[in-house]
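Step one of this worksheet: look at the structure below.
The values are calculated or read from the model by the stated rules, or taken from the named source; none is laboratory data. Predicted model, so just to flag it, every value in this text is computed and none were measured. Cβ coordinates were reconstructed from backbone atoms using ideal geometry, including for glycine residues, and neighbour counts include every protein chain displayed. For accessibility, only protein heavy atoms count, side chains too; no ligands or nucleic acids. Shrake-Rupley method; radii C 1.70, N 1.55, O 1.52, S 1.80 Å.
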Amino acid sequence: MNPIPAFGLGTFRLQGQVVIDSVRNGLEAGYRAIDTAQIYGNEAEVGEALAASGVARKELFLTTKIWVDNYSREKLIPSLKDSLKKLRTDEVDLTLIHWPAPNNGVSLEEFMSALAEAKSQGLTKQIGVSNFNIELTKQAIAVVGKENIATNQIELSPYLQNRKLVAFLAQEGIHVTSYMTLAYGKVLGDPVIRAIAERRHATPAQVALAWALRLGYSVIPSSTKRENLASNLLAQSLQLADEDMTDIAALERNGREVSPEGLAAQWD
Ligand SMILES: NC(=O)c1ccc[n+]([C@@H]2O[C@H](COP(=O)([O-])OP(=O)(O)OC[C@H]3O[C@@H](n4cnc5c(N)ncnc54)[C@H](OP(=O)(O)O)[C@@H]3O)[C@@H](O)[C@H]2O)c1
């Protein structure tokens, strides 16, 4: 089983030619992991950009996420097959349940079992969850086993460090993927992040990303700009000092950006 790459490219909000360009520019800059989702409405464009790039499928790590409308046993696998067609591949590397959506009429046991079945059928190499709190992650573990939950992809940034959930996931050996590590750009103007960036001769985005990487999380920042895509990737070679990590730890402010009603459960 391939480990989840530390650095990937997010595609949320990016549509049409914008996502095609972003994926092409990302691949040219050296990204090999791409994060999409059924609800982003861009899997076909992502597939088109990947096909046009000439990068071999085996070099890529593709993640998609099942949307809440497709959680039933009857719909989950056909919907994933549809995603594969759009992405022009026989198998994705990782498929996540996008949101727990506790009241949408399909039990967690049903959608986790259907997801595990998709893995058994060879439609996805690994499976996992996204936006699951501790209790729901425990329930998912009870259905498929913790060794079958490759990651919990969660909102996590210097402003929302999610320490309780992260501690639980570490204890269970479930990898953390941080989404919106830049808090959709909000942390980039932070004076503490900016001061660290200055002393390390780095950009604020690199500092936030290097902070998450040093904590062992994967990151999937998105950008529509070629220069931001390339410079973000260089966060992998930025070594933050313990002092920088301590300064960023103090920025926690429960700064959650995303919590859609009906989709999210009670946060920890
Ligand atoms: N599982 C989930 O429920 C979930 C939810 C949200 C997101 N995600 C995933 O996580 C990915 C990342 O989240 P996100 O795209 O919402 O937010 P993000 O990565 O935190 O921030 C993206 C924003 O930051 C800007 N940015 C990126 N690099 C920059 C740089 N070096 N300097 C200045 N600005 C920069 C981008 O603008 P420019 O385009 O101008 O560079 C864009 O506005 C998504 O694309 C998606 O794949 C998952």
Rounded to 5, the percent of DSSP beta bridges in the chain classed as antiparallel: 5 percent
For the chain: accessible area per residue (Å², 1.4 Å): 43 Å²
Solvent-free Debye scattering, log10 I(q)/I(0), computed from the Cα coordinates of the chain at q = 0.10 Å⁻¹: -0.48
Cα-based Lys pair tally, the stretch 9-249, threshold under 18 Å, eight or more apart or on separate chains: 24
Cα-Cα pairs of the stretch 1-41 separated by more than 14 Å (percent): 48 percent
The stretch 81-155 versus the stretch 221-245: alpha-carbon centroid distance in Å: 29 Å
Label-to-label distance, nm, for residues given as Ala241 and Lys125 (7 Å Cα→Cβ offset): 3.9 nm
Heavy-atom accessible surface of the chain: percent carbon and sulfur, 1.4 Å: 50 percent
